[in-house]
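To start, the structure itself, in structure tokens.
The values are calculated or read from the model by the stated rules, or taken from the named source; none is laboratory data. As the structure is a prediction and not an experimental result, all values here were calculated from the model. Here the Cβ positions follow ideal geometry from the backbone for every residue, glycine too, while neighbour counts run over all protein chains shown.
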Amino acid sequence: MRLVFSAAGLAATTFTISPLHHTLFAALCLHHPGFAAPGSPWRDLACRTPARAMPFVRRVHHAPHSLSGFLWADLPLPPEVDTLSDELDVQPGFGDVADALRAFYVSCVAPEWDAIRRRLSAHVNRFSELICVRGFGRTLPRLTPRLSWYGCALQIDTSGMSPSPMELGDGGVAFSPLMCASRRFLALAPPCGDHRAVIAYPVSDEGVRRPVPVDALAQVLGQARARVLRSIGGGSATGELARSLAVSASTVSEHVTALRLAGLVDTYREGRAVRHVLTALGHELLKNSA
């Protein structure tokens, strides 16, 4: 399928981050879990879906789609709003199942939404910069393998469906990223009235830069001494610590001495071995840094 852009349509094309789109997609995944990426939160929603949400779920399952992942959305999905309530206010097509939709969102999407919004904001910022530097033609095909660019038209792999070419006019397209959708998934909502066309495309959870966990114990004691303190456990001899940490016995003794002076470790002799145990303060420090 070809989407033909005008110059004004290209200028009007934007990205949108939509809780409604994610709610629709999550409901679709109840019957088609393969549309969600492996390990996605959308693959395990059956036990979280309340009974009062079922009228909405049944409505979603009537949308025409191909088993290979292309979805033709009959309802225009409104961009440029911030919350699910905002989207429902300008989307009358869900009026009879709006309460069921909200129930599904609260149970299945809302717990993930803050994290999703943060990750997608970073994604949108990155691709917006790429469009400025490289242009639409070189950037849009990088969103998903289903898209390619020829002249002033966006070619969409519709997996066997054969819709006619679509003139977008001056409205352009709102590209809506879907977190944790399968790479083969793509949804298209045609323009209708004042609403521009919407393309919902997959964004993988892989490669998202997550905060590196902070080792508070290592920040206080240093990495080496934190490892020694954790390795002592219920009591360890100097030789045992040296072998488990792959360091020399003298290095272990140096670190244990510092930990003992800090009141975190006690040392006693057991036969020919020198054993080390955690003090109450050492146990408490480990507990609070876990």
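Within segment 227-260, how many residues are of a type in the set (Ser, Thr, Tyr) and part of a strand (DSSP E or B)?
1
Taking the criterion of being touching a strand residue (DSSP E or B) at 6+ places or on another chain (Cβ under 8 Å) and farther than 30 Å from ASP44 by Cβ, the residues of segment 157-184 that qualify are PRO163, PRO165, MET166, GLU167, LEU168, GLY171, GLY172, VAL173.
If you go through segment 261-290 and pick out every residue that is assigned to a helix (DSSP H, G or I), surrounded by fewer than 16 Cβ atoms within 10 Å (Cβ to Cβ) and at pLDDT 85 or above, you end up with 5.
Checked against the criterion of being more than 27 Å from TRP113 (Cα to Cα), at pLDDT 85 or above and among the basic types (Lys, Arg), segment 204-227 has at least one qualifying residue. Within segment 274-288, residues that are farther than 13 Å from ALA262 by Cβ reach partners that are part of a helix (DSSP H, G or I) and among the small types (Gly, Ala, Ser) with beta carbons closer than 9 Å, at six or more positions or on different chains, in the pairs VAL274/GLY239; VAL274/SER253; ASN288/ALA216.
Please enumerate the residues belonging to segment 137-172 that are in a helix (DSSP H, G or I) and either in contact with a Pro (Cβ under 8 Å, 6 or more places away or on another chain) or buried (at least 16 other Cβ atoms within 10 Å of the Cβ) (or both).
First pass over segment 137-172, keeping only residues in a helix (DSSP H, G or I): 137-142.
Answer for segment 137-172, where residues must be in a helix (DSSP H, G or I) and either in contact with a Pro (Cβ under 8 Å, 6 or more places away or on another chain) or buried (at least 16 other Cβ atoms within 10 Å of the Cβ) (or both): THR139, LEU140.
Here GLU87 clears all of (1) at pLDDT below 85; (2) surrounded by fewer than 19 Cβ atoms within 10 Å (Cβ to Cβ) except the condition numbered (2).
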